[in-house]
Amino acid sequence: MGEEKGKKGGGFLKAVKEFVYGIAAHDSARFALKTRASMEHLFILITMGDMLGVPILPPYYSLRLLPYVVPQISTWKRRMLKEKDLTDALA
Amino acid sequence: MNSVVVLVLGLLVAYFGYRLYALRIDRRVIQSDPKRATPAKMYMDGVEFMPTSRNILFGYQFKSIAGAGPILGPIIALQWGWLPALVWILLGTLFIGWVQDYASAMVAMRKEGASMGGLSHKLISPRARLILLAFIYFYLLLIAGAFGNVVVSTAIGLKGSPMAWLFLTAAGLLAGQMIYRWRTDIILTTVVTVVLALIGIWVGSVAPSDKIIGPDLANSRWLWAIAAFVFCYFAAVLPIWRFALPINYVAAYIVFLGLFFGLIGVVILHPSFTLPAYSSFTIKIGPIWPIMFVTVACGAISGWHSLVSSSGTARQLENERDALPVGGGVMFVEMMLAIFALIIAGTLYAAPSEYAEAIAKGPGGVFAAGVAKFLGAIGLPTDVGRSYGSVMMIFLAITIMQLVVRFMRIATSELLSDISPVFRNPHVGTFIASLLGIFLVMTGWWQYLWILFGGANQLMASLALMIITAWLMSEGKPATWSLLPTIFMFVTTVAALLYTSYNLLDKVLKGAVKGEAAAGNTVIGVIGFFLVVAALVLAYEGLKAFGRYRALRVAEASARA
């Protein structure tokens, strides 16, 4: 019973903390991620562009970098091929 | 009537509206499914599509939609009396506002996280997308003009605000440096920068702008208009972590602490309304219908919310069941914010003449005086309270303005770079947006600018509702609950825009206004007419889409038979 109360109290505090984070900092975190993502996308495009039919670097270097890029390839392709819209910039 | 009664009435509408109406629509009509994978999960990229807790999204959505709109609309609408404004805030939110906010997020989620442009393309027609984007550009320009005017009138009317504005900007820049360069602890950064901003508010109250730069400069509209748009210029062209984000971060604490303690002040003082419940059907800016319905914009319904719900929130919801508390629930909270603003202004002045005198100078002064009164209930001196209210007002307006200018920069580049590569330069797009904004601020009368902004905002809402209705019809779901608000909002906002644009251009043609006012009236009037034409074309495209979906349903029914 006491534990349940403690959980409820903790849950409420957690909710308040998340709400304040949402108001003050969530936007900042999203934009920081967006900035990092655009830099990484550019880097992957330069090194792995031939995956999308844009050969830029000689395959030797691409192969050397491949192990570092592998974890990001699926999300990179998803973002590169996603339909873009101007209103995306609003939020 | 006592203000606490109004607050309780608002809470009752929010509670029963949510439990009895919104929840029913969510469960029975939309049939939200907690097991269905949302775009945040399906297309997770760790950036835009990312499953996020609903508590975080609640704060994010509230912060994104609670700008100057829900506060200033009710303050201006008091000119018709507080009762019509209150009724519209309550009924507008109950039957239209939450419907749009929630359903925009839901449709975007069911359509793989598409934003409003993409949704109009998929559900209405390819042409609808292009027209919608042009519409949004001019709608945002009107936001820049209307909110710019609020910043200028506040900086002139409340001489403590420029110093507080300057300190808060410096505190924000320091926050950016501490977080991203010095890697300082976030709690320490927050405490240092918020305290610095609070010191600035106090300094503003003892060092008003007229004592520092002289009365001529302190009262110069040009100076504050340029200052506001230079601020937005930096926000649009500098790296977002360097300027816009950290300033918004510090401002968020100042604004929401002010609102929170202001609300406590209302409960402590619980004053009664001193202004009349109803003044007259027609006032200087127009009749109750349709003008009041666009004057109280975001507190009842706002097209801006549909953009935030679809482009931002829908891509982060981890569960379909979260769309209602985040989309719909936050709209009910925004309704309470509008009621708070109505109470602030409606209980502040002893007589209608005092209010008329104050509102003639701009709504920012009314809000700041109200904040000073209610923060006074918890012990803050009036001068400091007024300085606090003024900087709240400036940042409620300018945080949206900087986003708008940034968007207009991107839109200029996207739409015009085929004509000339010079438009790809970010400074060109930002300069054009800033110049247009300054022009509107310097030439337009703020009440007309506000109405046109409200009209464009509500028209955007009706277009979002039209897209929602098209989706409901395409899915074979009941659509009356969305179609009726669409029709009401469309007719009302088109009437408001036509009425105001006609008045503006009529004054020019009859020679009643001259010089810069004539230029301002002409441009604003023409923008108003353009928005109406764009909306009519979109409505025509929407009607064709409705016909297509109806025919599809009939064909399906006959095939089953």
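The values are calculated or read from the model by the stated rules, or taken from the named source; none is laboratory data. Just so we're clear, the structure is a prediction, and the values are computed from it rather than from any experiment. In this analysis, Cβ positions are derived from the backbone assuming ideal geometry, glycine residues included, and neighbour counts consider all displayed protein chains.
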For this session: Determine, yes or no, whether B:Ala314 is under 27 Å from A:Leu86 (Cβ atoms), more than 14 Å from chain A (Cβ to nearest Cβ) and touching a residue at least 24 places away in the same chain (Cβ under 8 Å).
Result: no
Problem set entry | B:Leu403 under 24 Å from the mean Cα position of the chain (by Cα) and modelled with pLDDT under 95 | yes
Exercise. Residues B:Ala77, B:Ala114: which one is assigned to a helix (DSSP H, G or I), hydrophobic (A, V, I, L, M, F, W, C) and either buried (at least 24 other Cβ atoms within 10 Å of the Cβ) or out of contact with any strand residue (DSSP E or B) (no Cβ under 6 Å at 6 or more places or on another chain) (or both)?
Worked result: B:Ala77
For this session: From (1) more than 23 Å from B:Val150 (Cα to Cα); (2) in a helix (DSSP H, G or I), pick out the condition that doesn't hold for B:Thr184.
Result: (2)
Problem set entry | Condition check for B:Ile124: over 14 Å from B:Ala22 (Cβ atoms), modelled with pLDDT of 90 or more, touching a Pro at 6+ places or on another chain (Cβ under 8 Å) and surrounded by 20 or more Cβ atoms within 10 Å (Cβ to Cβ) | no
For this session: State whether one or more residues within region B:207-223 are part of a helix (DSSP H, G or I) and under 24 Å from the mean Cα position of the chain (by Cα).
Result: yes
Exercise. In region B:238-249, how many are part of a helix (DSSP H, G or I) and either without any contact (Cβ under 8 Å) to a residue 24 or more places away in the chain or more than 9 Å from every other protein chain (Cβ to nearest Cβ) (or both)?
Worked result: 1
For this session: State all residues of region A:43-75 that are within 14 Å of another protein chain (Cβ to nearest Cβ) and farther than 22 Å from B:Ala314 by Cβ; if no residue qualifies, say none.
Result: A:Ile44, A:Pro71, A:Gln72, A:Ile73
Seminar exercise, completed: When A:Tyr60 is run through (1) surrounded by 12 or more Cβ atoms within 10 Å (Cβ to Cβ); (2) at pLDDT 80 or above; (3) more than 30 Å from B:Pro126 (Cβ to Cβ), the failure sits at (1)
Seminar exercise, completed: Matching residues in region B:32-58 (within 11 Å of another protein chain (Cβ to nearest Cβ), within 28 Å of the chain's Cα centre (by Cα) and closer than 11 Å to B:Glu318 by Cβ) number 8
